[in-house]
C-alpha cells in the first residue's frame, strides 16, 4: 500500500510539472507584454501598430490582386487570343484564375490559402525593420529593431500574425527586450477567399457565365432566322460586335449568386440569380467593353433572298434565311466586398462556335487547340513580304489536318520580316500569314522536310466608289482568294487586291409593291395506307397554304455583271472606281420583280478607274 501511495504522489507531481510548463508557455508572451515598464509602453504600442499597418497593406494587396502579393510573371496574349495572364484593372494587373494563353491553351493560376499565408508572412517579414521611430528618438529613446520572421494564419474573420524578432528599447538607465509579438487583425480575407473558390468551382463545373453570354449573343446578335424580304440582307460585322459587347456589359453586371445580400424587383429577375451556392456577402460581376474582348462571326454576311429565282414564282413571296455562329472570349471580374473588406479575381469566358467551353475536371489546365500543337519540334524560318518584296510584319499560324496552331509574329530584322519558329511535324500543312491591310496568304509546306518559307502578301487598296444615278445598290467583287461586298451609298469606298474578279451589282429603289394575303388548298397523290400502298395504290391528300400579306419596301431596278482582271497598277494609280449600271425601272408585280432579277444575270456593267 505504501508503494502504491508513493507512485500516486509521483504521478500527481509529474502532472503538475507538465501543466506548469504548458501554462508558462501559454502566458509567457502575455506576461512579457504586461511586464513592459509604462515608460516603454507607447514605443511598443507604436511598433505593434506599425506591424498591423504592414499586415493590413498585405491583406489589401491579396484582396486586390486575386490572392497574390507577388503576381505571376507576365505572359502576353496574341492578336488571335487577346488575353494575357493578367487583367489590367484600373492600372493594376490582377492575375486571372482561368485564362486562354496567347498560344490558345486554357490555363489556371488559382492561389492556395497556404500560399497566401506564406506571401503575407514574407511581406510582413520584409517590413519588420521599416518602422520609423524618429519621434521617440527625439524624446530620448533608443530603439533597435532586428530582422526576424512573421508567421501568418488566415482565418475566416481574422488574420493571426506571430512575429519573432528582437526589439530593444533604452531610455536613461532603463531598458527592455521583447522577442515575440502577436497580432490578431479583424479581416474577412479567409471568408471571402472561400466564397471566391466556391463561385470559381461553380463556374468551372456549370459554365454559368458562358450560358448567360450565349443568351446575350442570341438576344443581341443574329444567329438563325428568316425574314420576309425580296432584297438581300447585309450584316455589318462591326455593328454586331458592338451590340454583343454592349449586351454583355449591361447583363453581366446584373448577375447574382443565390443568397440574402440583394432584393429582386420582380420574379422575372430570378433569371439573373445563379443557383448552386448560397452566400451571405455582397458579390459583384463586372465586365467592361474596354477589356480585351474577341468576337469572331462565321457565316455569309450577305444573305440572298429565296423566291426570286426562275421557277420559284409559285411561292408568291420572298424570304431571306441566315445562319451565324460565333467565337466570343471576354473577361469577367468577380468581387466580394463590404465596407471594410474586399477580394476579387478575374476569369476568362470562352464561347467556341456558339457553344460554351467544356467543363474543367482539374486545375492543371486543358487544351483548346488540338494536341498536334503540343509537339512543335521542327525549326522553320518564315519571311513575309509584299509584292514589291518589302518586309511586312505578320501573324503566323499553321494548319495541319484539322489542327490550327498559333506560331508567332514575324519581326523586322536587317531589312526583312522574320520569324524563327517551332512547328509540329506535318506533311502538306499550310502556313497562314495575316497582317492588317493585307490579304491573308497561305503557303503549303511539309515541315518534316522543309525548313524555310518566303510568303508574299497582297496589299489591299482602298478606292472611292461611284455608281452615278443609282440610289442604292449591293456591289460584290468575288475572286478565288478574296471577296468583298458593300452596300452603296451607305459605304462609298471598297478595298481590293490584284486579281481576277466576278463583279455583280444589284440596284434597288423604294417600292410600294404589296402581295396580298393568299389562302390556297392544294392536293397531291400519296401512297395509300395499309397493304394496298405497298402495291402502288395512291390516295389524294390535301392541305391548306396560308401566306401572309407581304410588302416589298425595296425592289431590284437595275444591275448587271462582268468579269475583270484588276492589276496593281490600276489600284496604285487610282483613287476612285466608277461603275456604269444599267437600270430597268420599278417593277409593279411579282412577275416584273422576277424579270428584273433575272435581267441582272444578262446585263453587263462597265468599270473605269480614275
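The values are calculated or read from the model by the stated rules, or taken from the named source; none is laboratory data. Predicted, not measured: the structure shown is a model, and the values here were computed from it. Cβ coordinates were reconstructed from backbone atoms using ideal geometry, including for glycine residues, and neighbour counts include every protein chain displayed.
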Can you tell me which of 209, 202, 255, 248 is more than 30 Å from residue 597 (Cα to Cα), in contact (Cβ under 8 Å) with a residue 60 or more places away in the chain and over 17 Å from the mean Cα position of the chain (by Cα)?
202
So which residues in the range 99-126 are outside any loop (DSSP other than H, G, I, E, B), crowded, with 17+ Cβ neighbours inside 10 Å and modelled with pLDDT of 90 or more, if there are any at all?
116, 117, 119, 120, 121, 123, 124, 125
Tell me, yes or no, whether the range 119-135 has at least one residue that is in contact (Cβ under 8 Å) with a residue 24 or more places away in the chain and under 18 Å from residue 293 (Cα atoms).
no
May I ask you to list the residues in the range 252-273 that are surrounded by 13 or more Cβ atoms within 10 Å (Cβ to Cβ) and under 17 Å from residue 219 (Cβ atoms)?
252, 253, 255, 269, 272
Restricted to the range 375-396, and to residues that are under 20 Å from residue 449 (Cβ atoms) and in contact (Cβ under 8 Å) with a residue 60 or more places away in the chain, which residue is surrounded by the most Cβ atoms within 10 Å (Cβ to Cβ)?
382
Residue count for the range 443-465, restricted to those that are assigned to a strand (DSSP E or B) and either free of Cβ contacts under 8 Å to residues at least 12 places away in the same chain or surrounded by 13 or more Cβ atoms within 10 Å (Cβ to Cβ) (or both):
11
Return yes when residue 84 is farther than 28 Å from residue 341 by Cα and either under 37 Å from the mean Cα position of the chain (by Cα) or part of a loop (DSSP other than H, G, I, E, B) (or both) and no when it is not.
no
Just to be sure, is residue 79 modelled with pLDDT under 80 and under 30 Å from residue 410 (Cα atoms)?
yes
Considering only the range 358-365, I want to know if a residue exists there that is in contact with a helix residue (DSSP H, G or I) (Cβ under 8 Å, 6 or more places away or on another chain), assigned by TED's automatic domain parsing to the domain that holds residue 282, modelled with pLDDT under 85 and under 30 Å from residue 280 (Cβ atoms).
yes
Going through the range 468-501 one residue at a time, which ones are in a loop (DSSP other than H, G, I, E, B), farther than 16 Å from residue 232 by Cβ and in contact (Cβ under 8 Å) with a residue 40 or more places away in the chain?
468, 469, 481, 482, 497, 498
Which number in (1) outside the structural domain of residue 61 (by TED's automatic domain parsing); (2) closer than 30 Å to residue 118 by Cα marks the one condition that residue 166 misses?
(1)
Take the range 130-149 and flag every residue that is under 15 Å from residue 176 (Cα atoms) and out of contact with any helix residue (DSSP H, G or I) (no Cβ under 8 Å at 6 or more places or on another chain).
140, 142, 144, 146
Does the range 338-346 include one or more residues that are assigned to a loop (DSSP other than H, G, I, E, B) and either modelled with pLDDT under 90 or on the phi > 0 side of the Ramachandran plot (or both)?
no
Are any of the residues in the range 229-240 touching a helix residue (DSSP H, G or I) at 6+ places or on another chain (Cβ under 9 Å), surrounded by 14 or more Cβ atoms within 10 Å (Cβ to Cβ) and modelled with pLDDT under 90?
yes
Quick check on this structure: which one of 514, 524, 569, 556 is within 46 Å of the chain's Cα centre (by Cα) and modelled with pLDDT under 80?
514
